[in-house]
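Enquirer: Take a look at this one; I'll ask things after.
Please treat every number below as a calculation from the coordinates, not as lab data. In this text the structure is predicted, and so the values were computed from the model without any measurement. A quick note on method: Cβ atoms are made from the backbone with ideal geometry, for glycine too, and the neighbour counts reach across all protein chains shown.
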Amino acid sequence: MRTEKSQSKAMPKRIPTEAGDTDAISLLTADHEHVKDLFEQFESMTDRAVVSKKRLADEICKELTVHATVEEEIFYPAVRAAGKEFEDLIDEAVVEHSSAKQLIAEIEAMDPGEDLYDAKVKVLSEMIEHHVQEEEGEVFPKVRKAKLDLEELGQQMAERKEELSI
């Protein structure tokens with residue numbers, strides 16, 4: 001168990017992928033996979049599983065909120081600073097986050113029995129799927145070629161994610 005703050009810089013508490021695979025893009029990709037799995041679990045639930053649906057939808061919303069915060073506070077500014085060629089891609093990602101956050105707030109304020117609850121979770125799933133495809137297909141390959149210290153960035157992101165997840 002870690003008791004000193006200084007230890008967190010040496011090694012994150014949670015490693016989301018295989019050991020040693022803690023660069024920024026690997027962390028974000030692991031988040032993408034985790035949320036995709038949560039959405040799939042939600043879609044397989046029956047209408048009778050109201051309590052479980054609410055719990056799972058809330059978990060999805062929290063995971064997405066933490067992920068978006070880490071991207072917006074750490075990853076996107078670093079990528080933006082890496083070159084002008086990233087401006088449009090990051091601007092679009094920020095707008096997509098804004099739309100997702102609005103839908104997340106609506107879902108969190110609802111109960112599973114309410115009209116449009118499942119539809120809103122489904123639309124959120126589709127929005128996130130589109131966002132992930134763009135990040136993994138366009139942004140991440142370009143970022144890997146940029147002169148960024150993805151390991152250091154990954155450490156910062158893991159620490160921030162840990163703070164937000166408490």
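Enquirer: Using a 10 Å cut-off around each Cβ, can you sort His67, His34 from fewest to most neighbouring Cβ atoms? Don't jump to the answer; show the numbers that get you there.
Expert: Numbers: His67 23, His34 15.
Exposure proxy ranking, most exposed first: His34, His67.
Enquirer: Taking Cα atoms of the chain, Rg/Rh with Kirkwood Rh, to two decimals?
Expert: Numbers: Rg = 16.8 Å, Rh = 16.9 Å.
For the chain, the value is 0.99.
Enquirer: Enumerate lysine pairs in the stretch 62-166 that are 8 or more residues apart or on different chains, then count those whose Cα atoms are under 17 Å apart.
Expert: 9
Enquirer: Give me Rg over Rh for the stretch 47-94, both radii from the alpha carbons and Rh done the Kirkwood way, two decimal places.
Expert: 1.27
Enquirer: Hand me the trypsin sites (Lys or Arg not before Pro) from the stretch 91-166 located in a DSSP loop with no more than 13 other Cβ atoms within 10 Å, in residue order please. Intermediate values should be presented prior to the final figure.
Expert: Working: sites: Lys101, Lys120, Lys122, Lys142, Arg144, Lys145, Lys147, Arg160, Lys161; in loops: Lys147.
Hits after loop and neighbour filter: Lys147.
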